[in-house]
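Asks: First the structure, which I've put down as C-alpha cells, then a few questions once you've had a look.
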Amino acid sequence: MPAQGAPPARPEPLIHHGRPPRGRRLYVVIAAVFAALVFAFGFGLYRYGWNGGVTQIVTTVLPYPAAIVEGRVIRFSDYHNNLVVLQRFYEAERERAAPGSIFPSETELKTRVLDRLIKDQLAAVLADRYDIVVTSDAVRDAYESTILDQSSLELPTGKAKAEAQAAETLDELYGLRPSQFKNRVLHPFLIRQKLEQAIQNDAELNAEKKKKIDAALAELNAGKAFKDVALAYSEDPNAAGTGGDRGMIGRGLLPPEVEEAAFALKDGETSGVVKSALGYHVVRVTDRQESAGKVLKVKLQEILVRPIQLDDYLEAQKKKASITIFVH
C-alpha cells in the first residue's frame with residue numbers, strides 16, 4: 001500500500017499484444033482500400049486513357065501527375081484541361097475552315113499540350129533565375145488592352161459591354177471564362193515575353209552569337225565581299241536570296257539603333273557591331289538620297305545575327321532536364 005498521504009499510484013499504460021485495437025484496424029483497412037483504389041484508378045488513367053466527368057473530378061481532387069519536370073509536377077487535371085481547350089479551339093476552326101483543310105490529330109494535340117506545359121515549367125524555373133514576376137495588375141491591364149474591344153470602351157457603358165463580348169468569344173473559342181483565360185493563357189504568355197527579353201539581353205548566353213558577328217565584321221574589314229560574308233554569317237532568312245542587300249530604306253523602317261548608325265554612315269562606310277532588339281547587326285551604306293543637307297534614304301547592306309530565342313533555349317533545356325512523363 002502507498003504511504004499515508006502519498007498520491008495514488010498511476011496505472012501502468014495498457015500494452016496491446018497481438019491484434020491492434022478495432023478502431024486502428026478499421027483505419028488500416030480504409031487506408032489500404034483507398035490506396036488500392038488510387039492505384040487502380042491511376043492504372044486506368046495512364047494505361048487505358050480513361051476520360052470523362054468522373055475522371056475530371058477525381059484528377060481535380062487527387063494530384064495525379066501528367067509529368068514531373070525538374071521536380072515540378074504537371075498535374076493531370078491541368079494537362080486534361082489544356083487539351084480540352086485546344087480540342088475546343090480546333091472544333092470551332094473546323095466549322096469555319098474551307099473543305100480539305102488539314103488539322104492536327106488527337107495524338108498531335110496531346111503532344112503539343114504536353115510539350116507546352118513542360119516548357120512552361122522550364123520557363124518558370126528560368127523566371128525564378130531572372131527574378132521575373134508578372135502581377136495580377138499586369139495581367140488585367142494586358143487583358144483590357146488586347147482582348148477587350150477598345151472602341152466599345154469609349155461608350156458610357158462600354159466596358160461592361162466589351163467584357164461581355166470578350167467572355168462570349170472566349171467561351172465560344174476555348175470554353176474558358178475570362179479568369180481562366182487570364183491564368184492559363186495570358187499569364188504564361190506575359191512571363192514568356194519578359195523571358196524572351198531577358199534571354200536576348202543575357203551576354204553570357206549570347207557569347208557565341210557575339211563572336212559570330214565579330215567574325216563577320218573582321219572579314220569585311222579584311223576586304224572580303226559583303227555578299228560573301230552575308231551568305232556565310234547572316235541569319236536573316238532573306239540573306240540567301242539578297243546577299244544582305246536591303247535596297248533603299250527610309251527613316252522609321254529600321255530599329256532605332258540601326259537607323260542611327262546607318263544614317264550616320266557615308267557612302268561605302270561600314271558600321272561596327274550594332275545591337276538591337278532583333279539581334280546583332282553590321283551595316284554598310286552604298287548610296288544615299290539627300291535633300292537640303294538631310295539624308296532621306298540610304299541604300300543598305302546588312303548582316304544580322306539573331307540572339308538566342310526563348311523557344312530554342314527551352315527546347316535545348318528540355319533535352320537536358322530531368323523529365324518523367326506519365327501520359328501517352
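The values are calculated or read from the model by the stated rules, or taken from the named source; none is laboratory data. The structure presented is a predicted model; accordingly, all values stated were derived computationally and were not measured. Note: ideal-geometry Cβ built from the backbone for every residue, glycine included; neighbour counts use all protein chains shown.
Asks: Could you please find all residues in region 93-139 being in contact with a helix residue (DSSP H, G or I) (Cβ under 6 Å, 6 or more places away or on another chain) and farther than 20 Å from VAL185 by Cα?
Replies: Result: PHE103, TYR130.
Asks: Shifting gears a bit: Of all the residues that make up region 246-283, how many are surrounded by 14 or more Cβ atoms within 10 Å (Cβ to Cβ), within 24 Å of GLU219 (Cβ to Cβ) and within 36 Å of the chain's Cα centre (by Cα)?
Replies: 19
Asks: What residue, of LEU296, LEU304, LEU231, is under 35 Å from the mean Cα position of the chain (by Cα) and free of Cβ contacts under 8 Å to residues at least 60 places away in the same chain? Can you show your working first?
Replies: Values: LEU296 fails: under 35 Å from the mean Cα position of the chain (by Cα); LEU304 fails: free of Cβ contacts under 8 Å to residues at least 60 places away in the same chain.
Result of the check over LEU296, LEU304, LEU231: LEU231.
Asks: Here is a follow-up. Looking at (1) within 19 Å of the chain's Cα centre (by Cα); (2) of a type outside the set (Ser, Thr, Tyr); (3) modelled with pLDDT of 90 or more, can you tell me which one ASN82 breaks?
Replies: The number of the failed condition is (3).
Asks: Just checking, does region 183-199 include any residue being at pLDDT 90 or above, part of a helix (DSSP H, G or I), over 28 Å from LEU278 (Cβ atoms) and not assigned by TED's automatic domain parsing to the domain that holds ILE303?
Replies: yes
Asks: What helices (runs of 4 or more DSSP H) lie completely within region 237-328 and have 3 or more residues being over 21 Å from LYS212 (Cβ atoms) and touching a strand residue (DSSP E or B) at 6+ places or on another chain (Cβ under 7 Å)?
Replies: Filter on region 237-328 gives an empty set.
Asks: Kindly indicate whether ILE102 is surrounded by 15 or more Cβ atoms within 10 Å (Cβ to Cβ) and at pLDDT 85 or above.
Replies: no
Asks: Taking the residues in region 200-217 that are touching a residue at least 24 places away in the same chain (Cβ under 8 Å) and outside any loop (DSSP other than H, G, I, E, B) as candidates, determine which candidate is farthest from HIS281 (Cα to Cα).
Replies: Restricting to residues being touching a residue at least 24 places away in the same chain (Cβ under 8 Å) and outside any loop (DSSP other than H, G, I, E, B), the top hit is GLN200.
Asks: Of the residues ALA160, ALA198, ALA166, which single one is over 21 Å from the mean Cα position of the chain (by Cα) and surrounded by 14 or more Cβ atoms within 10 Å (Cβ to Cβ)?
Replies: Of the residues listed, the single one that is over 21 Å from the mean Cα position of the chain (by Cα) and surrounded by 14 or more Cβ atoms within 10 Å (Cβ to Cβ) is ALA166.
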